[in-house]
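The values are calculated or read from the model by the stated rules, or taken from the named source; none is laboratory data. In this text the structure is predicted, and so the values were computed from the model without any measurement. Methodologically, a virtual Cβ is constructed for each residue, glycine included, from the backbone with ideal geometry; neighbour enumeration extends over all protein chains shown. Ligands, DNA and RNA are stripped out before the accessible areas are found, and what is left, the full protein with its side chains, is counted by its heavy atoms. Shrake-Rupley method; radii C 1.70, N 1.55, O 1.52, S 1.80 Å.
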Amino acid sequence: QVQLVESGGGLVQPGGSLRLSCAASGSIFSWYDMGWYRQAPGKRRELVAVIPNGGSTNYADSVKGRFTISRDNAKNTVYLQMNSLKPEDTAVYYCNANLGGMQYWGRGTLVTVSS
């Protein structure tokens, strides 16, 4: 099993930036495909970005060119750099770990983009 703890959310103005972090513990982090998902009020949870174990990154069309996912296996941490934030990016952002179909989730961190 792996435990995930997100941090870095908050209130930011449109056009601003935030960096989310997800610290993992309890298992061998490098084995896992890692991802960020988000859920806006009244909407379904959606994929934001994934960074597989040894594979290439993938992004939702809505965030391409603005968000960057990265991972530091030595620190057991995955990051989401979010630039040029828009009000429609407002959501709870969840960290996800996937190993052979076994899914693990963090509790989420709230990102609010508003002036």
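Taking label positions 7 Å along the Cα-Cβ direction at both Asn83 and Arg107, the computed distance is 3.2 nm, reported to one decimal. The calculated FRET efficiency for the pair Leu99 and Thr57, based on their C-beta separation and a Förster distance of 22 Å, comes to about 0.80. Solvent-accessible area assigned to carbon and sulfur over the chain amounts to 48 percent, based on a 1.4 Å probe.
Computed over the chain, the convex hull of the alpha-carbon atoms projects to a mean area of 6.7 nm². Shown is the FRET efficiency for Asp72 and Gln39, computed with R0 = 22 Å from the Cβ-Cβ distance and rounded to the nearest 0.05: 0.30. Rolling a 1.4 Å probe over the protein heavy atoms gives the chain an accessible area of 53 Å² per residue.
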